[in-house]
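Visitor: My structure is below; once you've seen it, I'll send some questions.
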Amino acid sequence: MKNVPQLKKHYLEVVIPALKQSRGYTNPHQLPRIVKVVLNTGINAGADKNVIADSQRDLSSIAGQKAVLTKARKDIANFKLRAGQVVGATVTLRSDNMWHFLSRLLVVALPAIRDFRGVPTKFDGNGNYNLGVSDYSIFPEISLENTKRTMGLDISLVTTAGTDDEGRELLKLLGFPFRRVEVVHAKTPTAAA
């Protein structure tokens with residue numbers, strides 16, 4: 001039997017029954033699931049080939065599969081950008097690679113952030129979630145000796161959830177540490193005596 005990733009096993013054994021109980025799903029196709037995870041980073045358009053190669057190598061090591069360089073589609077004079085110049089790198093993860101990356105993100109990378117208070121709870125309106133990481137060195141695959149610059153990372157989780165509430169419940173059950181939103185009650189003015 002094939003080795004099932006731990007987070008996928010958790011999804012199948014814990015998350016699906018919890019979603020069925022809380023939402024009352026009867027059809028298994030109604031259950032929200034994560035379709036893909038897209039990792040994206042920007043590269044300075046004026047960067048030399050070594051910086052581009054380093055960024056591609058680092059993103060590939062974080063994702064566990066080869067990153068694809070993205071190029072500018074048209075000229076933009078104000079940014080000194082020409083069509084065909086490399087402006088970033090991206091990786092799309094599906095199936096087992098996606099589950100392995102998510103478990104590394106939740107168990108190793110996010111707890112490595114200094115003064116970590118949880119991830120934002122903002123979704124895109126369609127049940128998809130985007131997370132920005134300002135420094136990619138939180139991932140253990142990156143050695144600080146080989147890095148010459150810090151790189152930000154955008155992580156997009158595409159789900160089949162129809163609403164933000166479904167997507168938030170799915171990710172919360174998977175173990176995403178969302179920030180607690182504290183409600184501040186306004187003080188009522190007291191009458192001066």
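Visitor: I'd like the Kirkwood hydrodynamic radius of the chain, using the inverse of the mean 1/r over distinct C-alpha pairs, in Å. Could the numbers behind the result be given before it?
Guide: Working: mean 1/r = 0.0525 Å⁻¹.
Roughly 19.0 Å, rounded to one decimal.
Visitor: Let me ask you something else. Just going by the charge dipole of the range 1-76, with Lys and Arg at +1 and Asp and Glu at -1 on Cβ, which of 22, 63, 76 is farthest out on the positive end?
Guide: 22
Visitor: Something else about it: Which value, in debye to the nearest 20, gives the size of the charge dipole of the chain about its Cα centre, when Lys and Arg are +1 and Asp and Glu are -1 at the Cβ? Present the calculation step by step, with values, prior to reporting the outcome.
Guide: On the way: 27 positive and 17 negative charges, 53 e Å.
Result for the chain is approximately 260 debye, rounded to the nearest 20.
Visitor: Neighbour counts of other C-beta atoms within 10 Å: give me 38, 107 arranged from fewest to most.
Guide: Fewest-to-most ranking of 38, 107: 107, 38.
Visitor: Between residue 71 and residue 154, with labels modelled 7 Å along Cα→Cβ, what's the label distance in nm to one decimal, could you check?
Guide: Going by the 7 Å Cα→Cβ label model, 2.0 nm.
Visitor: In vacuum, with every alpha carbon of the range 64-114 counted as one equal point scatterer, what does the Debye formula give for log10 I(q)/I(0) at q = 0.14 Å⁻¹? Two decimals, please.
Guide: Results for the range 64-114 at q = 0.14 Å⁻¹ read -0.58.
Visitor: Going 7 Å from the Cα of residue 180 in the Cα-to-Cβ direction, what parts of the range 13-55 have a backbone nitrogen less than 16 Å from that spot?
Guide: From the range 13-55, the list is empty.
Visitor: Within straight cross-link reach of residue 172, meaning Cα distance under 13 Å, which aspartates and glutamates are found once same-chain residues fewer than 8 apart are removed?
Guide: Partners found: 164.
Visitor: While we're here: Kindly put 172, 74, 66 in sequence by how many other C-beta atoms sit within 10 Å of each C-beta, fewest to most.
Guide: On the way: 172 14, 74 8, 66 11.
Least crowded to most crowded, the residues run 74, 66, 172.
Visitor: Right, something else. What FRET efficiency would be calculated for the residue pair residue 135, residue 21, taking the C-beta separation as r and a Förster radius of 41 Å, to the nearest 0.05?
Guide: Working: r = 39 Å, r/R0 = 0.95.
Using R0 = 41 Å, I get an efficiency of 0.60.
Visitor: Sticking with this one: Anything over 25 Å Cα to Cα? Flag those among 36/66; 8/36; 36/122; 36/80, in the order listed.
Guide: Working: 36/66 16 Å; 8/36 13 Å; 36/122 18 Å; 36/80 33 Å.
Too far apart for the 25 Å limit: 36/80.
Visitor: Now for a different question. Rank 36, 71, 49 by mean-square fluctuation in a GNM of the chain with C-alpha springs under 10 angstrom and give only the top-ranked residue.
Guide: With Cα springs under 10 Å in the chain, the top fluctuation among 36, 71, 49 is at 49.
Visitor: To continue, here is another question. Over the Cα atoms of the range 44-157, Rg to Rh with Kirkwood Rh, two decimal places? Don't skip to the end; give the middle numbers.
Guide: Values: Rg = 15.4 Å, Rh = 15.7 Å.
Expressed as Rg/Rh, it is 0.98.
Visitor: Quick check on the exposure proxy: order 96, 48, 58, 164 from fewest to most C-beta atoms within 10 angstrom. Don't skip to the end; give the middle numbers.
Guide: Values: 96 14, 48 8, 58 23, 164 17.
Fewest-to-most Cβ neighbours within 10 Å comes out as 48, 96, 164, 58.
We did not get these values from a lab; they are worked out from the coordinates using the rules stated. On a predicted model such as this, the values are computed, not experimentally measured, just so you know. Note that each Cβ is placed from the backbone with ideal geometry, even for glycine, and that neighbours are counted across all protein chains shown.
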